[in-house]
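Take a look at the structure below.
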Amino acid sequence: MDQSRHILHFIDGEFTAAADASHFTKYSPVDGRPLAKIAEAGRADIAAAVAAARSAMRGEWGKLSIERRVDLLYGVADEITRRFDDFVAAEMADTGQPAHVIEQVFIPRGAANFKIFADVVKNVAAESFRMATPDGRGALNYAIRNPKGVIGVISPWNAPFLLMTWKVGPALACGNAVVVKPSEETPLTATLLGEVMNTVGIPKGVYNVVNGFGPNAAGEFLTRHPGVDAITFTGETRTGTAIMKAAAEGMRDVSFELGGKNAGIVFADCHFDAAVDGIFRSVFLNTGQVCLGTERVYVERPIFERFVAALKTRAEAVRYGRPEDHASTYGPLISQEHRDKVLSYYRKAIDEGATLVTGGGVPDMPAELAGGSWVQPTIWTGLPETAAVVREEIFGPCCHIRPFDSEDEVIDLANANDYGLATTIWTDNLSRAHRVAERVEVGVTWVNSWFLRDLRTPFGGSKQSGIGREGGVHSLEFYTETRNVCIKL
Ligand code: NAD
Ligand code: 6OD
């Protein structure tokens, strides 16, 4: 990456510097070197982006037929695929994650997020009711779905392109305009998508990107702007609370995908190797920075020791390295700041009396990577459920493993947490899988799999893991306003 590169906002179809020329520096998670200067939005930039989006809604975009909109969104998906290598390079530079994960999961999902919602809006029917009237002629009611208007999209750094497009795809498919505030840690793919929008011919002002930080900065300015009609947010539960307060001004709707402290449940009757493989992925993929990831593992007692040993072997076999090297299987954390947080939990686990199975610190890295935010994959056992590392979201490559003796016990253990995002269950007993899936208090349960996504399904969190559901027709509930038309016959 060209370190003198200056990443600009994308407002009204143009790449623009901040109105007051402010910028900040983005550092590489891989080696700590400066990567790029990023324009930092103030209130004036937010106002310009919101004004552009409002103007787009009043203009050509607001009048397009669904068919034309759908064609344009297919065009976006195709152009992302055509520029696949550019998106992979940008995401690798931002996150430091291995090429194979970005190539196989994160960038293809960006394209799919446009295509699937184009298909959904094309195929969904509206409800209608005939009703009786006193004069006998009757009336016909039918529902129409109108775009909500300007959607504020606030996204995190852990899977930047996937998570940002998961909001932008349905928002545009439903005919809205968006102002995106990507994470300050990962601005590159959102900016690159601006080029795609222009190439495809998405009208100016429909897709806008403003860069910057959260509290008392770009994020908060956007959520407080009265020209934003609804806010969709993915990130920490604490941030969701702040955004909800901002959205209360003007009574704006919110959709929240928040934190998790997910349980993996492994029954003794599972296919052992598949379960080890699945739990390994769910704990360590993306260096543990996946909201759906597993940080609490419960293993039925007869296979507990064997399972811990097998997961330890897998964790110790990860290959650290630069993302471009296809031999690398494991990347750094996103930033030094996040590494400090994760390492503080590594220390806390030991202070709280954990048995360290593996990891627990910083790996020895070659000199050229020593400035990166690397940590070891880490496994603990022996902690009570009250320990901080068993209760709180760490968002790092680590888990605590505990034995259990019965189905009821493990369901209680899984549910004894304020979060309720996802669970992965491993068993060959189909009845048990159904029973447990019905009783775990989460938005998504995977059985004998993890992070296997069909984008038509409802996605979201229970308890403190979120508000609302997105995916398939569920996204339409948030990105459109349903209105009724009643025609007296
Ligand atoms: P974060 O909440 O710190 O930041 C997310 C975004 O919000 C960033 O763009 C940030 O700049 C912005 N922001 C921060 N404070 C703000 C404020 N007061 N007003 C407006 N915007 C503000 O989250 P993160 O550290 O980037 O991401 C990690 C978190 O995201 C984890 O908790 C993870 O579980 C969660 N997450 C959840 C899901 C899900 O689907 N449920 C998916 C991915 C990540
Ligand atoms: O797959 C998705 O749609 C989704 N929102 C995934 C979230 C991953 C969290 O890190």
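Values computed for the structure shown
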{"quantity": "Filtered residue count, the stretch 162-217, keeping only those that are more than 16 Å from ligand 2 (Cβ to nearest atom), of a type in the set (Gly, Ala, Ser) and in contact with a Phe, Trp or Tyr (Cβ under 6 Å, 6 or more places away or on another chain)", "calculated": "1"}
{"quantity": "Residue count, the stretch 308-346 (criterion: assigned to a helix (DSSP H, G or I) and not β-branched (Val, Ile, Thr))", "calculated": "16"}
{"quantity": "Test: residue in the stretch 302-316 that is away from ligand 1 (no atom under 16 Å from the Cβ) and within 10 Å of CYS398 (Cα to Cα)", "calculated": "yes"}
{"quantity": "Given (1) in contact (Cβ under 8 Å) with a residue 40 or more places away in the chain; (2) surrounded by fewer than 24 Cβ atoms within 10 Å (Cβ to Cβ); (3) within 15 Å of ligand 1 (Cβ to nearest atom); (4) more than 30 Å from VAL440 (Cβ to Cβ), number of the condition GLY219 does not satisfy", "calculated": "(2)"}
{"quantity": "Filtered residues of the stretch 298-324 (kept if closer than 30 Å to ASP412 by Cβ and crowded, with 18+ Cβ neighbours inside 10 Å)", "calculated": "TYR298, VAL299, GLU300, ILE303, PHE304, PHE307, VAL308, ALA310, LEU311, ARG314, ALA315"}
{"quantity": "Helices (runs of 4 or more DSSP H) completely within the stretch 55-112 that count 2 or more residues being within 22 Å of the chain's Cα centre (by Cα)", "calculated": "66-82, 84-95"}
{"quantity": "So MET197, is it closer than 18 Å to PHE87 by Cα and within 16 Å of ligand 1 (Cβ to nearest atom)", "calculated": "no"}
{"quantity": "Index of the failed condition, LEU356 passing every other in (1) part of a strand (DSSP E or B); (2) crowded, with 23+ Cβ neighbours inside 10 Å; (3) of a type outside the set (S, T, N, Q)", "calculated": "(2)"}
{"quantity": "Any hit, the stretch 39-47, residues being farther than 29 Å from ALA217 by Cβ and surrounded by fewer than 16 Cβ atoms within 10 Å (Cβ to Cβ)", "calculated": "no"}
{"quantity": "Unique match (being touching a residue at least 40 places away in the same chain (Cβ under 8 Å), within 20 Å of LEU193 (Cβ to Cβ) and part of a helix (DSSP H, G or I)) among LYS122, LYS115", "calculated": "LYS115"}
{"quantity": "Top-ranked residue in the stretch 227-246 [being hydroxyl-bearing (Ser, Thr, Tyr) and out of contact with any Gly (no Cβ under 8 Å at 6 or more places or on another chain); ranked as farthest from ligand 2 (Cβ to nearest atom)]", "calculated": "THR241"}
{"quantity": "Count - residues of the stretch 371-383 that are part of a loop (DSSP other than H, G, I, E, B) and touching a Gly at 6+ places or on another chain (Cβ under 8 Å)", "calculated": "8"}
{"quantity": "Any hit, the stretch 364-377, residues being buried (at least 16 other Cβ atoms within 10 Å of the Cβ), closer than 20 Å to LYS261 by Cβ and more than 16 Å from ligand 2 (Cβ to nearest atom)", "calculated": "yes"}
{"quantity": "Test result for PHE284, of a type in the set (A, V, I, L, M, F, W, C), buried (at least 22 other Cβ atoms within 10 Å of the Cβ) and under 21 Å from LEU383 (Cα atoms)", "calculated": "yes"}
{"quantity": "PHE280 being among the aromatic types (Phe, Trp, Tyr) and within 16 Å of ligand 2 (Cβ to nearest atom)", "calculated": "no"}
{"quantity": "Positions within the stretch 1-48 being among the hydroxyl-bearing types (Ser, Thr, Tyr) and within 19 Å of LYS204 (Cβ to Cβ), in sequence order", "calculated": "THR16"}
{"quantity": "Pairs with Cβ under 7 Å, 6+ apart, first in the stretch 368-381 and more than 25 Å from CYS399 (Cβ to Cβ), second of a type outside the set (A, V, I, L, M)", "calculated": "GLU368/ASP31; GLY371/ASP31; GLY371/GLY32; GLY371/ARG33"}
{"quantity": "Yes/no for ALA126 being at pLDDT below 95, away from ligand 2 (no atom under 16 Å from the Cβ) and either surrounded by fewer than 18 Cβ atoms within 10 Å (Cβ to Cβ) or outside the structural domain of PHE221 (by TED's automatic domain parsing) (or both)", "calculated": "yes"}
{"quantity": "First in the stretch 226-245 and touching a residue at least 12 places away in the same chain (Cβ under 8 Å) and among the hydroxyl-bearing types (Ser, Thr, Tyr), second anywhere and in a helix (DSSP H, G or I) and within 11 Å of ligand 1 (Cβ to nearest atom), Cβ under 6 Å, 6 or more apart", "calculated": "THR232/LYS167; THR234/LEU163"}
{"quantity": "Looking only at the stretch 457-474, and only at residues there that are assigned to a loop (DSSP other than H, G, I, E, B) and touching a His at 6+ places or on another chain (Cβ under 9 Å), the one that is nearest to ligand 1 (Cβ to nearest atom)", "calculated": "GLY460"}
{"quantity": "Helices (runs of 4 or more DSSP H) fully within the stretch 170-276 counting 1 or more residues that are closer than 30 Å to ILE411 by Cα and modelled with pLDDT of 95 or more", "calculated": "237-248"}
{"quantity": "Members of the stretch 386-406 that are part of a loop (DSSP other than H, G, I, E, B) and not aromatic (Phe, Trp, Tyr)", "calculated": "THR386, ALA387, GLU392, GLU393, ILE394, GLY396, PRO397, ASP405, SER406"}
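So that you can scan it fast, the table gives a plain yes or no per residue for (1) on the phi < 0 side of the Ramachandran plot; (2) within 15 Å of ligand 2 (Cβ to nearest atom):
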residue: LEU421; (1), (2): yes, yes
residue: SER431; (1), (2): yes, no
residue: VAL444; (1), (2): yes, yes
residue: ARG469; (1), (2): yes, yes
residue: GLY472; (1), (2): no, yes
residue: SER475; (1), (2): yes, yes
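The values are calculated or read from the model by the stated rules, or taken from the named source; none is laboratory data. These figures come from a predicted structure and were not determined experimentally. All Cβ positions, even for glycine, are placed from backbone atoms using ideal geometry, and neighbour counts span all protein chains on display.
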